[in-house]
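Read through the structure below, which is laid out as structure tokens, and then see the notes.
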Amino acid sequence: MFTPTRRARPFTARAPFGLKLLVGLVLLFLYCPFGIILLYSFTTEETAFTFPPPGLTADWYRVALFDRPDIYPPLLLSIQVALVATFIALILGSLIAFAISRTRFFGREAITFLVILPIALPGIITGISLRSAFGLFGIDFSFWTIVIGHATFCIVVVYNNVVARLRRTAKSQTEASADLGANSLQTLRYILLPVIGTALLAGGMLAFALSFDEVIVTTFTAGQQNTLPIWIYSQLSRPRQRPVTNVVAVFVIAITFIPIFLAQRLTQDTND
Amino acid sequence: MSALSPSRQPRSITSRLSTFFHNNPTLTLLLLLAAPLLWLGVIYLGSLGALLLQSFYRLDDFTGIVVREFTLDTYRQLFTQSNLDIVARTVAMAAAVTVACALLAFPISFYMARYASPAGKVAFFIAVTLPLWSSYLVRVYAWKLILAKEGVVGWIFGALGLQGVLDAVLAVPTIGGPSLSVSMYGTFFAFVYVWLPYMIIPTYTALERVPGSMLEASADLGARPVETFRRVILPLAMPGVIAGSIFTFSLTLGDYIIPGVLGNSAFFIGQVVLIQQGTAGNIPLAAAFTVVPMVIMFVYLWIAGRMGAFEAL
Amino acid sequence: MSSAANVIPAVRFENVSRHFDQVRAVDNVSIEIRVGEFFSMLGPSGSGKTTCLRLIAGFEQPTSGKIYLHGTEVGNLPPYERDVNTVFQDYALFPHMTVADNVGYALMIKKVSAPERTRRINEALELVRLPQMANRKPSQLSGGQRQRIALARALVNRPRVLLLDEPLGALDLKLRQEMQIELKEIQKRVGITFVFVTHDQEEALTMSDRIAVFNAGKIEQVGSPAEIYEHPATAFVAGFVGASNLIRDELAQKLTGTASTFSIRPEKIRMMEPGATVPNGWAWVYGTVREVVYLGMFTRFIVTLENGGELTVVRQNLDETSMDVMSNQGRRVQLMWQRAFDRVVDAK
């Protein structure tokens, strides 16, 4: 998904100072909210967030871990949903990637468009569409209705990773395999799967992160069940123990940063 | 020459199956695409169709029950002045957010593509994508803390003795409010913040594809850097910017969380949809409302596709 | 070699066409490639030579016509069921496997036992003179080494026909010339039919037993290198293989007495002082040297003829320095050549 290249040569020899300053400010803009969340997970104030915080304490981490059992069911549900949605997305996403990359056929563009649609259209449309379809067919909300929503927008992440890798794999490689006596299934096993392996892993981790974090579509497909993001959303308007939400947020950041970071590394080292 | 005689193995089932697929490429393609098409084509598109269908039903005002017969009443209801204001407000916000994201994304993308070392590019890329994948809600919530009356921004203005400026900014009618976190400014900042990575990545990708030799050629032909920038770099970066704008525009059109958490009481499309389908129970009107961003996005995607934006995704 | 193998061609095309939408990549081609020969398909890019190779390998199916391998029609037989192997233009080595695993891939697929596999991998690596590379990854090899590994991989299975798709195209000149000789030697040693695709006429002349010259999806001529060079069948062949002067219409009428287009190689033309005696069976014409191109080993003269038109003459620099050669610029000369060396092509 990301290929650093050496060919880009400087436009002028060195970056102008003004440009560097702008880049620094944009990076600051991107990261200061995370610092703020971290800071306020240690504040001594329970109901308001004045700056600077009047005092610092690590007690909210103890509270979040031991005194708030209501955190765990949503956390567990989110992990389960993300795992199943990722599994479905891995299969469907790579099937489409294989079909798209191996042949040119009528309707090929329509299919790539269809794959992008669930993330190109606002999430609320996916959400309310599924909800009204469930309503029309009398399907009750459950674990599976959440999974259907999540898998739909996760497919594209897997597809993008796999199709990019397949595009970089020369067609002559599969031809060479067939030429040397391997049938299609053997070519799949010995050549294609090893080549796309890391792309699948990366796509899967990104899909997991995307699903784990999703709130808009989930609002419409979840019924009474709370995923972790929905739990956080409900906490935003609660007056008491507000730093606990910050603690959970810090954990969510940590949990999603790790797979994303790994996914990035995986897609890079095979890029030379 | 006996070593060269063909050594045909006994053919296994997988080998025969493989040959069958080899000789029937269309069937193979259909088999590959069957499951994904069932999912995206039937479940997903079917749901969009179901939604569209609902918008042609209407809610009986007295009984509160959806009447399942074709009518344009719901659309008549949609095109009232107050609803049109909501659509206009949402589209204006989406446009403003898109422009701001493009302006902020360009310098960093340009720096990444032109000046960063290969290792630097990787680091930058990770730095830009990490916030994108990490919790959306948490990031929105962080802005609530930053922009609150007693929050960081208020404190900075106070410390600099610029409280008067902040008050004046907040006093602007329709977009102002009691504090930054309860005004259109808050909505705008949070939108720009959460969607910015969506703009940086495709812009960077497009810029990265401009070979250095092309810039040298432009300079060699007598163009000063400013001219090279305007006549070579900018046009080549445009497909990337347009690809990014698909996301910033679309995501803003449908979002209901940010205006809810960080806005004054003026409604956006997403909020109305949520209220109509939820507490109001008026599914037809909610459906009709979602048709608006859907139509806008289809037109937008069509134009973007014609301008080559999909290659930059 | 059994006598039957000599009668049945290794590869036979019977009116084969391959169309891509409106483009006739291969247009009604019929050829026979003999068992054990080094056969080259020569032509400019887009002339259909690579498509022919891919038709033999099974990567493409003919739109019409029949293809036989050793007398058996292969029709829609997939590549993995054909007893031919290919050396690809980009080598197509598998990046995630070691050199040994690459070379042994076909044996692994065939479920050859491990010790036997190792033996044959080493044998193949010996053949291409890279025995010490077994544990490297393809990314750790130079272009020339990759090329040899690709060759070893294609030969390890001892196919009956080896297909080579411009395998030397990516190498620099010196290495390419070395590999030309080496390839030819390997072919003699293993005795396999080689089908070699190239756009480089010198390469084809150097290595081939026979050459097929392709142009616009059709074969213009098939023959030995000497036949192709000395008796070009068409104007295209005369121009594509080596350099040629093409003389047509009125000038041809004046020089030879018929209006048929004919070709004469630049090295066959002698450049003399005006008034030189012309032996029997020679053609002659007067002209002025318009341009002298000194090329080290030889010199190329472009001569404007007094009857109209131009002829290119090439002369080896035997007893002349570059100064002597350059002094010919603008000189009036008499050109003459043996009529036995000119060839009527595309007779009207």
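Would you confirm whether or not segment C:267-287 contains a residue that is within 25 Å of the chain's Cα centre (by Cα) and assigned to a strand (DSSP E or B)? No, segment C:267-287 has no match at all. Filtering segment C:18-72 to residues that are polar (S, T, N, Q) and surrounded by fewer than 18 Cβ atoms within 10 Å (Cβ to Cβ) leaves C:GLN22, C:ASN28, C:SER30, C:SER45, C:GLN61, C:THR63, C:SER64, C:THR72. If you go through segment B:256-274 one residue at a time, do you hit one that is in contact (Cβ under 8 Å) with a residue 60 or more places away in the chain, more than 10 Å from every other protein chain (Cβ to nearest Cβ) and within 23 Å of B:VAL299 (Cα to Cα)? Yes, that holds for at least one residue. Check B:SER82 against each of (1) in contact with a Ser or Thr (Cβ under 9 Å, 6 or more places away or on another chain); (2) over 30 Å from A:PRO229 (Cβ atoms); (3) modelled with pLDDT of 85 or more and name the one condition it does not meet. Evaluating B:SER82 over (1) in contact with a Ser or Thr (Cβ under 9 Å, 6 or more places away or on another chain); (2) over 30 Å from A:PRO229 (Cβ atoms); (3) modelled with pLDDT of 85 or more leaves (1) as the failure. Residues satisfying the criterion are present in segment A:67-89 (criterion: within 11 Å of chain B (Cβ to nearest Cβ) and in contact with a Gly (Cβ under 8 Å, 6 or more places away or on another chain)).
May I ask you to say which residue of A:GLY223, A:GLY197, A:GLY204 is among the small types (Gly, Ala, Ser) and free of Cβ contacts under 8 Å to residues at least 40 places away in the same chain? Step by step, each of A:GLY223, A:GLY197, A:GLY204 is checked, and only A:GLY197 is among the small types (Gly, Ala, Ser) and free of Cβ contacts under 8 Å to residues at least 40 places away in the same chain. In segment C:105-158, the qualifying residues are those that are outside any helix (DSSP H, G or I) and polar (S, T, N, Q), and the one that is farthest from the other protein chains (Cβ to nearest Cβ) is C:ASN135.
If you go through segment C:193-232, how many residues are part of a loop (DSSP other than H, G, I, E, B) and of a type in the set (D, E, K, R)?
So the first thing to find is which residues in segment C:193-232 are part of a loop (DSSP other than H, G, I, E, B), and the list is C:199-200, C:208-209, C:216-217, C:224, C:231-232.
Going one step further and asking which of them are of a type in the set (D, E, K, R), we end up with C:200, C:209.
Result for segment C:193-232: 2.
Of all the criteria given as (1) within 10 Å of chain B (Cβ to nearest Cβ); (2) in contact (Cβ under 8 Å) with a residue 60 or more places away in the chain; (3) over 30 Å from A:THR245 (Cβ atoms); (4) under 16 Å from the mean Cα position of the chain (by Cα), the one not satisfied by A:PHE153 is (3). Each residue in segment B:183-192 was checked for being under 14 Å from the mean Cα position of the chain (by Cα) and surrounded by fewer than 24 Cβ atoms within 10 Å (Cβ to Cβ), and 1 pass.
The set of residues in segment B:52-102 that are within 30 Å of the chain's Cα centre (by Cα) and among the aromatic types (Phe, Trp, Tyr) comprises B:PHE56, B:TYR57, B:TYR75, B:PHE79. Would you be able to say whether some residue in segment B:260-270 is closer than 27 Å to B:ALA88 by Cα, among the hydroxyl-bearing types (Ser, Thr, Tyr) and crowded, with 19+ Cβ neighbours inside 10 Å? Scanning segment B:260-270, I find no residue that is closer than 27 Å to B:ALA88 by Cα, among the hydroxyl-bearing types (Ser, Thr, Tyr) and crowded, with 19+ Cβ neighbours inside 10 Å, so the answer is no.
Of all the residues in segment C:109-131, those that are in contact with a Pro (Cβ under 9 Å, 6 or more places away or on another chain) and closer than 16 Å to A:GLY181 by Cα number 0. The residue pairs whose first member lies in segment C:168-180 and is farther than 17 Å from C:ALA150 by Cα, whose second member is in a helix (DSSP H, G or I) and modelled with pLDDT under 90, and whose beta carbons are closer than 8 Å, counting only pairs six or more residues apart or on different chains, do not exist in this structure. In the set A:THR221, A:THR256, A:THR227, A:THR267, only one residue is of a type outside the set (A, V, I, L, M, F, W, C), closer than 16 Å to A:PRO69 by Cα and either buried (at least 20 other Cβ atoms within 10 Å of the Cβ) or modelled with pLDDT of 80 or more (or both); that residue is A:THR227. The helices (runs of 4 or more DSSP H) located wholly in segment B:124-170 that include 2 or more residues which are out of contact with any Gly (no Cβ under 7 Å at 6 or more places or on another chain) and buried (at least 17 other Cβ atoms within 10 Å of the Cβ) occupy B:136-147, B:152-159. Selection of segment B:141-153 for residues being under 16 Å from A:LEU38 (Cβ atoms) and of a type in the set (A, V, I, L, M) yields B:ALA142, B:LEU145, B:ILE146, B:VAL152.
The numbered conditions (1) polar (S, T, N, Q); (2) farther than 22 Å from B:LEU32 by Cα; (3) buried (at least 22 other Cβ atoms within 10 Å of the Cβ); (4) more than 10 Å from chain B (Cβ to nearest Cβ) are all true for A:SER142 except (3).
Hey, among the residues in segment A:92-107 that are at the interface with chain B (Cβ under 10 Å from one of its Cβ atoms) and surrounded by fewer than 16 Cβ atoms within 10 Å (Cβ to Cβ), which one's nearest to B:SER135 (Cα to Cα)? That would be A:GLY107.
Of the residues screened, B:ALA142 is one that is free of Cβ contacts under 8 Å to residues at least 60 places away in the same chain, under 28 Å from A:TRP231 (Cβ atoms), at the interface with chain A (Cβ under 7 Å from one of its Cβ atoms) and hydrophobic (A, V, I, L, M, F, W, C).
Filtering segment C:149-176 to residues that are of a type outside the set (A, V, I, L, M) and either in contact with a helix residue (DSSP H, G or I) (Cβ under 8 Å, 6 or more places away or on another chain) or buried (at least 23 other Cβ atoms within 10 Å of the Cβ) (or both) leaves C:ARG153, C:ASN157, C:ARG158, C:PRO159, C:ARG160, C:ASP165, C:GLU166, C:PRO167, C:ARG176. Taking the conditions (1) within 25 Å of B:TYR193 (Cα to Cα); (2) of a type in the set (S, T, N, Q); (3) more than 8 Å from chain A (Cβ to nearest Cβ) in turn, B:SER218 satisfies each one other than (1).
Name the residue that is farthest from B:ASP85 (Cα to Cα), counting only residues in segment B:220-253 that are hydroxyl-bearing (Ser, Thr, Tyr) and either modelled with pLDDT of 85 or more or touching a His at 6+ places or on another chain (Cβ under 9 Å) (or both). So the residue we want is B:SER245.
For the residues C:ILE219, C:ILE211, C:ILE228, the requirement of being over 12 Å from the mean Cα position of the chain (by Cα), crowded, with 19+ Cβ neighbours inside 10 Å and under 13 Å from C:LEU42 (Cβ atoms) singles out C:ILE219. Answer yes or no as to whether C:VAL325 is free of Cβ contacts under 8 Å to residues at least 60 places away in the same chain and among the β-branched types (Val, Ile, Thr). Yes, satisfied.
Checking B:GLY161, B:GLY151 one by one, the residue that is over 30 Å from A:ASN160 (Cβ atoms), facing another protein chain (nearest Cβ under 8 Å) and not β-branched (Val, Ile, Thr) is B:GLY151 and no other.
Please go through segment C:236-251 and give me each residue that is in a helix (DSSP H, G or I) and either out of contact with any strand residue (DSSP E or B) (no Cβ under 6 Å at 6 or more places or on another chain) or at positive phi (or both), ordered by number. Hits for segment C:236-251 are C:GLY239, C:PHE240, C:ASP249, C:GLU250, C:LEU251.
The values are calculated or read from the model by the stated rules, or taken from the named source; none is laboratory data. Only a predicted model underlies this, so the values are computations on that prediction, with no experimental measurement involved. Reconstructed Cβ throughout: ideal geometry from the backbone, glycine too, with neighbour counts over all protein chains shown.
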